[in-house]
1. Which one of these is without any contact (Cβ under 8 Å) to a residue 12 or more places away in the chain, within 25 Å of A82 (Cα to Cα), in a helix (DSSP H, G or I) and not acidic (D, E): R169, R110?
2. I'd like the residue in the range 113-131 that is in contact (Cβ under 8 Å) with a residue 24 or more places away in the chain and among the β-branched types (V, I, T) and, out of all such residues, is farthest from S98 (Cα to Cα).
3. From the list A184, A146, A172, A191, which residue is crowded, with 16+ Cβ neighbours inside 10 Å and within 26 Å of Q108 (Cβ to Cβ)?
4. Please find, within the range 76-99, the residue that is surrounded by the fewest Cβ atoms within 10 Å (Cβ to Cβ) out of those that are hydroxyl-bearing (S, T, Y) and farther than 23 Å from A146 by Cα.
Amino acid sequence: MSEMRTEEEQVQAIKDWWKENGKSLLLGIGVALAAVLGWKGWQDRQAVEAENASVLYQNMLEATVSGITTMRNPNADADQLATAKHLAEQLKSEYESSSYAKFAALLQARLAVDAKDYDAALTEIDWVLSHQPTAEMQLIASMRKARLQAAKGDVDAALSLLNGLSAGRFQASVDELKGDLLLAKGDKDAARDAYLAADKALEQAGARPLLTMKLDDLAVKDK
């Protein structure tokens, strides 16, 4: 009888515990399941969006290549570049946080530069810079923006932009661009200093023939 009473007491203890804690336990399990399912759903959506953006970007590249061919061949389909631009805009509006959208904007900026539409190119570059690019992409976009500013005649703004960059492994490229801009301003001494800084930054990576030519050209002009 004592054993039976003990079992009954254990059963009753479990019932009492369930009455007191069952609802909160079920709620906790529900929350955990919702979190797991929500996370999986988010991952699935991200994968689908990345795939869709990838397809759009590939279509944009194909249209761009066809459009460039069109510019060289009047008999080709002249609507391809317009299609490429439309797809780029779609990427920017529907998948603006993706790398594909930023790459599309950079490509559209390049095409605008080729057409000498520097304002349109700057608009594309500024879009990239305002949408949280990676550190490397931000640096590349900033250098392109500096070139565009210089092309529009605002060399001082371009130099100011470059001076504010944290270049890291791209320091040589930034210094070389500074040299180009300073030379365009007619400041040969400052240009030489920038080229020398670029050359020094390349000590471990090896020399750049074009940079060496720029330094040699300045030395020849000084003689």
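1. R110
2. Ranking the candidates gives V113 first.
3. On the way: A184 fails: crowded, with 16+ Cβ neighbours inside 10 Å; A172 fails: within 26 Å of Q108 (Cβ to Cβ); A191 fails: within 26 Å of Q108 (Cβ to Cβ).
Of A184, A146, A172, A191, the one residue that is crowded, with 16+ Cβ neighbours inside 10 Å and within 26 Å of Q108 (Cβ to Cβ) is A146.
4. So the first thing to find is which residues in the range 76-99 are hydroxyl-bearing (S, T, Y), and the list is 83, 93, 95, 97-99.
Cutting the leftovers down to farther than 23 Å from A146 by Cα gives us 83, 93, 95, 97-98.
Working: T83: 17, S93: 9, Y95: 20, S97: 12, S98: 21.
The extreme case among them is S93.
This table checks each residue for (1) out of contact with any helix residue (DSSP H, G or I) (no Cβ under 6 Å at 6 or more places or on another chain); (2) modelled with pLDDT under 90.
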site	(1), (2)
A82	yes, yes
F103	yes, no
A115	yes, yes
S130	yes, no
A150	no, no
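The values are calculated or read from the model by the stated rules, or taken from the named source; none is laboratory data. Note that this is a predicted model, so its numbers are computed, not measured. Counting neighbours? That spans all protein chains shown, and the Cβs are built from the backbone with ideal geometry, glycine included.
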